[in-house]
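Colleague: Below is one structure. I have some questions about it.
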Amino acid sequence: MATLLVTGGLRSTATDVLDTHASVLPLQQALRKICHRATLRMATLPAPHPLAKESKKAYEYSERRQFQGRKRYPSPLHRLMNEFQINPSTIEK
């Protein structure tokens, strides 16, 4: 709907065509890109930052479980580390 307004296309134009023409990612890909960027930013936090230690602990916990996500109530941080497997110890800061 929004790409119809952005591109100025006709109502009968397919949404997929308009999204491609306007360079708009599908919703699932856009959300995955945002989550990946957030995980990468947390992995590159400096050591004094309060979340740096927590992201490292979440990665180590996920690594011990072979990234299978077998935690009963995983936090969003654990879910991100399971999904993207970005090691905060090996990322340049």
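The values are calculated or read from the model by the stated rules, or taken from the named source; none is laboratory data. These numbers come from a predicted model, not from an experiment. Using ideal geometry, Cβ is built from the backbone for each residue, glycine included, and neighbour counts are taken over all protein chains shown.
Colleague: Conditions: (1) on the phi < 0 side of the Ramachandran plot; (2) in contact with a helix residue (DSSP H, G or I) (Cβ under 7 Å, 6 or more places away or on another chain). LEU10 meets all but one. Number of the miss?
Modeller: In the conditions (1) on the phi < 0 side of the Ramachandran plot; (2) in contact with a helix residue (DSSP H, G or I) (Cβ under 7 Å, 6 or more places away or on another chain), LEU10 misses (2) alone.
Colleague: Right, here's the next one. Please verify whether ALA58 is over 13 Å from HIS78 (Cα atoms) and free of Cβ contacts under 8 Å to residues at least 40 places away in the same chain, treating the condition exactly as stated.
Modeller: Details: over 13 Å from HIS78 (Cα atoms): no; free of Cβ contacts under 8 Å to residues at least 40 places away in the same chain: yes.
No: the conditions fail for ALA58.
Colleague: Residue under question is LEU18, and the condition is that it be among the hydrophobic types (A, V, I, L, M, F, W, C), over 19 Å from the mean Cα position of the chain (by Cα), surrounded by 13 or more Cβ atoms within 10 Å (Cβ to Cβ) and assigned to a helix (DSSP H, G or I); does it hold?
Modeller: yes
Colleague: A further question on this structure: For ALA52, state whether it is surrounded by 12 or more Cβ atoms within 10 Å (Cβ to Cβ) and outside any loop (DSSP other than H, G, I, E, B). Break it down stepwise before answering.
Modeller: Values: surrounded by 12 or more Cβ atoms within 10 Å (Cβ to Cβ): yes; outside any loop (DSSP other than H, G, I, E, B): yes.
So ALA52 fits the description; yes.
Colleague: Restricting attention to region 14-53, report how many residues are on the phi > 0 side of the Ramachandran plot and among the hydrophobic types (A, V, I, L, M, F, W, C).
Modeller: Residues of region 14-53 on the phi > 0 side of the Ramachandran plot: 23.
When the remaining residues are screened for being among the hydrophobic types (A, V, I, L, M, F, W, C), the result is none.
Adding up the residues that qualify gives 0.
Colleague: Let me ask something additional. Would you pick out the residues in region 21-49 that are loosely packed, with under 10 Cβ neighbours inside 10 Å and in a loop (DSSP other than H, G, I, E, B)?
Modeller: Listed by number, the residues that qualify are SER23, PRO46, ALA47, PRO48.
Colleague: Right, something else. Find all pairs meeting these conditions: Cβ atoms under 6 angstrom apart; at least six residues apart or on different chains; first residue within region 6-22 and of a type in the set (Val, Ile, Thr); second residue part of a loop (DSSP other than H, G, I, E, B) and modelled with pLDDT of 80 or more.
Modeller: VAL6/ALA22; THR7/ALA22
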